[in-house]
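Input: a single structure, listed below in structure tokens.
The values are calculated or read from the model by the stated rules, or taken from the named source; none is laboratory data. Remember, predicted model here, so these are calculated numbers, not experimental data. Note that each Cβ is placed from the backbone with ideal geometry, even for glycine, and that neighbours are counted across all protein chains shown. Calculation scope for accessible area: heavy atoms of the full protein, side chains included, ligands and nucleic acids excluded. Shrake-Rupley method; radii C 1.70, N 1.55, O 1.52, S 1.80 Å.
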Amino acid sequence: MTEELRAAVAAGVLGAEKQYRSLLQSIVEVARAIFAARASSIFLLDEPSDELVFEAVAGEGAGTLVGRRFPSSTGVAGWVLVTQQPLVLENVSEDPRFGREAAESTGFVPKGLMAVPLLHEERSLGVLEVLDRPQAEPFTLAEMGLLGQFANQAAIALDLLQRARRARAALDGDGELAALARVAAALEGNEAGLQLLAALEDVLRRSD
């Protein structure tokens, strides 16, 4: 069975996109509070367009940045995404990896930040960032480990969000395979029915 059909029958996936987005928002809000930061954000990699998208924002930019996009190679977030390595910068202006132009376009240019990759099964799904502290305390390596725990939860939520969107795309499509996806959703948890659907899908693909 294709990944699209598997996504369509995953538990709760069809009506869960709002739930996953809410979970991501909760993660950035708690991270911001724990680190006493001015802002925290989660970026999702949109693979078809090769862009990073603001999926959740707490603090500075919370009302305007969700949905904003920029090339996946941009700035610190792009570097963390590609290298799959965490990064702490106490003074972003001194680091060539910092994308000042992109930051200025958001209306908030941080002085320091921590960023960690969101990894699921060795795939880079996005990036979690925590930006600035009013009291100007430096970020520590121990805190990087704590942020990594937030990143693990965020990666799970991002993966589920992507599956929900693939499921919705499969259900909203036209043709026999889209119809099968809708039936698959109705058969959620019925193993025999899902095996039959997989066989029917194979027949349809061979007849194309």
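Dipole of segment 29-147, Cα-centred, from +1 at each Lys and Arg C-beta and -1 at each Asp and Glu C-beta, to the nearest 20 debye?
It works out to roughly 220 debye.
What accessible area per residue comes out for segment 18-176, rounded to a whole number of Å², with a 1.4 Å probe?
Heavy-atom SASA per residue in segment 18-176 reads 49 Å².
Calculate, for Arg100 and Ser73, the FRET efficiency according to 1/(1 + (r/R0)^6) with r their C-beta to C-beta distance and R0 22 Å; round to the nearest 0.05.
The formula returns an efficiency of 0.90 here.
If Lys and Arg each add +1 and Asp and Glu each add -1, what is the summed charge of the other residues whose beta carbon sits under 14 Å from the beta carbon of Val82?
Result for the local shell: -2.
Taking amide H positions as placed 1.01 Å from N in the peptide plane, with prolines and chain starts having none, which residues 5 or more places from Phe70, or on another chain, fall under 5 Å of its amide H?
The answer is Leu52.
Given Cα pairs under 8 Å that are at least 6 residues apart, what percent is the relative contact order of segment 14-156?
In percent, rounded to a whole number, it is 24.
If you stretched the chain out fully between Ile34 and Asn91, how much longer would it get, using 0.36 nm times the residue separation minus the C-alpha to C-alpha distance?
In short, 18.4 nm is gained.
Tell me, in nm to one decimal, what length is gained between Glu47 and Glu121 on full extension, where the rule is 0.36 nm per residue of separation less the Cα-Cα distance?
Working it through step by step, the gained length comes to 25.0 nm.
Applying a 10 Å radius around every beta-carbon, put 137-145, 56-64 in order of their mean neighbour count, most first.
Per-residue mean Cβ counts within 10 Å order the peptides as 56-64, 137-145.
Grab the other residues whose beta carbon is less than 11 angstrom from that of Arg133, score K and R as +1, D and E as -1, and report the net.
Net charge around Arg133: -1.
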